[in-house]
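Peer 1: Okay, here's the structure, questions in a sec.
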Amino acid sequence: MGEKILMKGNEAIGEAAIRAGCRFYFGYPITPQSELTAYMAKKLLKMEDAAFVQAESEIAAINMVYGAAATGVRTMTSSSSPGISLKQEGISYIACAELPCVIVNMQRGGPGLGSIQPGQADYFQATKGGGHGDYHLIVLAPSSVQELVDLTMNAFDLADKYTNPVMILGDGLIGQMMEAVEFKERKKISLPDKERWALTGCKGREKNYIVPFNLDPYEMEKTNFKIQKKYNELKEKEVRYETINLDNADLIVVAYGTVARIIKTVIDNAKKEGINIGLIRPITLFPFPDKIIAETSEKINKFLVVEMSLGQMVEDVKLAVNGRVEVNFYGRVGGVIPTQSEILNEIKKYLK
Amino acid sequence: MLERIIISGFGGQGVMLMGRLLAYAGMIEGKKVAWMPSYGPEMRGGTANCTVLISSNEIGSPIVSHPKILIAMNQPSLDKFEPNVSENGLIVLNDSLIEREVKRNDVKVIRIPADDIANKLGNSRVANMVVLGAYVKKSGVVKLETIFKVLEKTLTGPKQKLIDINKEALKLGAEIVKE
Amino acid sequence: MKKVFERPKSLTKDPFTYCPGCHHGIAHRLVAEALDDFGVREKTIGVCPVGCSVFAYVFFDCDMICAAHGRAPAVATGIKKSKPDSIVFTYQGDGDLASIGTAEIVHAANRGENITVIFINNAIYGMTGGQMAPTTLVGQVTQTSPYGRDPKTMGYPIKVAEMLSTLKGVAYISRVALSKPAYILKAKKAIKKAFQTQVEGKGFSLVEVLSTCPTNWGLSPIEANKWLEENMIPYFPLGEFKTPEEVS
């Protein structure tokens, strides 16, 4: 058991990544995640067999990750919304090449340059692919600094296990916030060997090559099918969520990340007024926890999705519910964080 | 128990540090804590503020729209946050930089001549510690000794020599509210 | 019997699929010979671009990766940082390196990345069918400069070798051509020197290779060689622009 320390979310990701064996970080400054880039510079530049590069652009940073990942090392980049948009080309290549890496998005208000305050409006971009082509990232949505640490470490394992890029989808609030964290000893798990594909020089073997294209459409279709199979496996094996108070709830709120924390306070306050609210908090946004949502909608007929967007995850909730019950939505955007009282008022509307 | 604190002042007055010391002390004492800065252009010279939550239970929303405690290190901070302080809340203010009276009559007010005391100590930069000492003593949210411990943990290397003057300032602040 | 000519070990047995008269084949061979000369094939990782030479991964018998258009220097940076003992080269065309990938090449050069860049300048986009490149000559007709490149609206051709040699982090830069045997011999020396620069850990090296694109120029292979010598070399002078000896 490690000691509890007080740490800022952004720095906690950095420490967790290093403890998970990430030695190669490529990034570009952008608020509200710059502390992570600075943390990696401070640590990695003093380490052996490690590298930190402040890239000339987000585009270059993700392509450096692509190069490093191709050699089989654990590597990471991080940014915030507008910067993540710039990385999309590279992410699509990495997904197609089936290379493991971790990408952190500390979301801010959008669209455009937007604001620098927290947002969740990159949900579509994160979970539906984001760049061109049929692909998905594994998307993890932490809602406390401790969970940020645990999921970051986990992200590297998932990336290696599925040879797929993993995105940590946080927001400015969780990145800037300080909370107590503990770096727990991690169980060693067995992961697939990278030697069969990593570019390490062809000594004693046939050459390896990584080419995210095939001009023969039938071959390219096969590549797509192969990747798709992985996504189906993810849906079977890696779905994670937290539930609170699902039995006897008058209404179910579905929320992730920062908003889910606010809902927990709403639940406590509502109880005082005799209102029972349940929460389903997706921890993996892809694969999405649709089964628990579907099952719950068999029992409880009022759903409210709350997001810092104008309605993105709500679409996945609706797909899961499949028309059985009405799914309502409440959202604030542009960097505005919904308050507990406005959410409770919204809930009361549907309980009348 | 759930303390919801907003600490606000000019950039450079050390309001972020006040918040971090409080949160750290709360953590050492086994409580759940969260610290949230205002971030963005404000931190480059304008007003800055941070939110601190110290709780005996898991902390849900880290957003505090109605703080129980406001620590205002300058007048713009009082102007900005006074209306939001919850009923029967507490405003601790830096009397050296705030001339006006508090308009609310449903909150407790403590005025600390923080800069004056800090200047007497020979370092105007510890005004924040004077105010923090007063608040900690008044509220008992954490022990003053725990804040000392945090100072010893965090002020290391060349900053070590600042521990004594910071402790002195915390003590002087605590003494004011004792009287 | 003495063998006087053989396939370099660093090339696979796959026959080149480039157009007749295209210089890619010669350039590939010169790179492969340099890898053989230094005995580094088994620790080399090559980065191919987007463009005709996207297929370079087929022809080089060493570990290879294909980068997104223009991003090869960033990919190479990631590889070299994570495998510092490897020999890393990028092979890029003019659209890739001097247009969409300008930022990546300038900053990789400026950081002094210890990689080797083979820059194929044929003054046109090949794979997409003959559009204007950043190195297309003034007056040159392409699909997207159908009335000839007009510098008033389209700018002048970029001299990459000259531009990059102003950067302090760069160790070796030269410009060569492949249109006749004498030039090819010089090009071989230059490419070898570029890899030597990397093998010795001296920093960023780049060889700009003036090449033909008979198909998109609309010329026969022989006419194309002549066109290159008469039009490209006067604007893009051959020679060394920076050598490691000049780097302090």
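Peer 1: Given the criterion within 8 Å of chain A (Cβ to nearest Cβ), in contact with a helix residue (DSSP H, G or I) (Cβ under 7 Å, 6 or more places away or on another chain) and crowded, with 24+ Cβ neighbours inside 10 Å, identify the matching residue among C:Gly78, C:Gly70.
Peer 2: Matching residue, one of C:Gly78, C:Gly70: C:Gly78.
Peer 1: Hey, could you check region C:81-94 for residues that are at the interface with another protein chain (Cβ under 7 Å from one of its Cβ atoms) and in contact (Cβ under 8 Å) with a residue 12 or more places away in the chain and say which is nearest to C:Lys202 (Cα to Cα)?
Peer 2: C:Ser86
Peer 1: Can you name the strands (runs of 3 or more DSSP E) wholly within region A:225-301 that have at least 1 residues being open to solvent by 60 Å² or more (accessible area, probe 1.4 Å) and at pLDDT 95 or above?
Peer 2: Where strands (runs of 3 or more DSSP E) fall fully within region A:225-301 and carry at least 1 residues being open to solvent by 60 Å² or more (accessible area, probe 1.4 Å) and at pLDDT 95 or above, they are A:241-244.
Peer 1: Give the residues of region C:157-197 that are assigned to a helix (DSSP H, G or I) and small (Gly, Ala, Ser), sorted by residue number.
Peer 2: Within region C:157-197, C:Ala161, C:Ala182, C:Ala187, C:Ala190, C:Ala194 qualify.
Peer 1: Among the listed residues C:Leu30, C:Leu35, C:Leu11, which satisfies the condition of being under 30 Å from C:Ile222 (Cα atoms) and in contact with a strand residue (DSSP E or B) (Cβ under 6 Å, 6 or more places away or on another chain)?
Peer 2: Step by step, each of C:Leu30, C:Leu35, C:Leu11 is checked, and only C:Leu35 is under 30 Å from C:Ile222 (Cα atoms) and in contact with a strand residue (DSSP E or B) (Cβ under 6 Å, 6 or more places away or on another chain).
Peer 1: Among (1) within 9 Å of another protein chain (Cβ to nearest Cβ); (2) out of contact with any Leu (no Cβ under 6 Å at 6 or more places or on another chain); (3) not hydroxyl-bearing (Ser, Thr, Tyr), there is one condition A:Glu233 misses while meeting the rest; what is its number?
Peer 2: (1)
Peer 1: Would you check if A:Asn214 is more than 14 Å from chain B (Cβ to nearest Cβ), part of a loop (DSSP other than H, G, I, E, B), closer than 30 Å to A:Gln340 by Cα and among the polar types (S, T, N, Q)?
Peer 2: Answer is no for this residue.
For (1) in contact with a strand residue (DSSP E or B) (Cβ under 9 Å, 6 or more places away or on another chain); (2) within 14 Å of chain B (Cβ to nearest Cβ); (3) among the acidic types (Asp, Glu), each residue gets a yes or a no:
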| residue | (1), (2), (3) |
| --- | --- |
| A:Lys226 | no, no, no |
| A:Tyr241 | yes, no, no |
| A:Lys271 | yes, yes, no |
| A:Gly274 | no, no, no |
| A:Phe286 | yes, no, no |
| A:Lys291 | no, no, no |
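Peer 1: Another question, if that's okay. Give the residue that is farthest from A:Lys194 (Cα to Cα), with candidates limited to residues of region A:137-165 that are under 13 Å from the mean Cα position of the chain (by Cα) and open to solvent by 40 Å² or more (accessible area, probe 1.4 Å).
Peer 2: Per the criteria, the residue is A:Asp150.
Peer 1: Now for a separate question. Can you tell me which of B:Ser96, B:Ser61 is out of contact with any Cys (no Cβ under 6 Å at 6 or more places or on another chain), within 30 Å of A:Arg261 (Cβ to Cβ) and small (Gly, Ala, Ser)?
Peer 2: Selected residue: B:Ser61, the only one of B:Ser96, B:Ser61 that is out of contact with any Cys (no Cβ under 6 Å at 6 or more places or on another chain), within 30 Å of A:Arg261 (Cβ to Cβ) and small (Gly, Ala, Ser).
Peer 1: Considering only residues that are more than 14 Å from C:Ile118 (Cα to Cα) and outside any loop (DSSP other than H, G, I, E, B), look in region C:36-51 and name the one that is least open to solvent (accessible area, probe 1.4 Å).
Peer 2: C:Thr44
Peer 1: Here's another thing I want to ask about it. Scanning for something touching an Asp or Glu at 6+ places or on another chain (Cβ under 7 Å), buried (at least 19 other Cβ atoms within 10 Å of the Cβ), part of a strand (DSSP E or B) and not acidic (Asp, Glu), does region B:54-67 turn up at least one residue?
Peer 2: Yes: one or more hits.
The values are calculated or read from the model by the stated rules, or taken from the named source; none is laboratory data. All values reported here derive from a predicted model rather than from experimental measurement. Here Cβ is always computed from backbone atoms with ideal geometry, including for glycine, and neighbour counts include all displayed protein chains. Note: areas computed on protein heavy atoms with side chains; ligands, DNA, RNA excluded. Shrake-Rupley method; radii C 1.70, N 1.55, O 1.52, S 1.80 Å.
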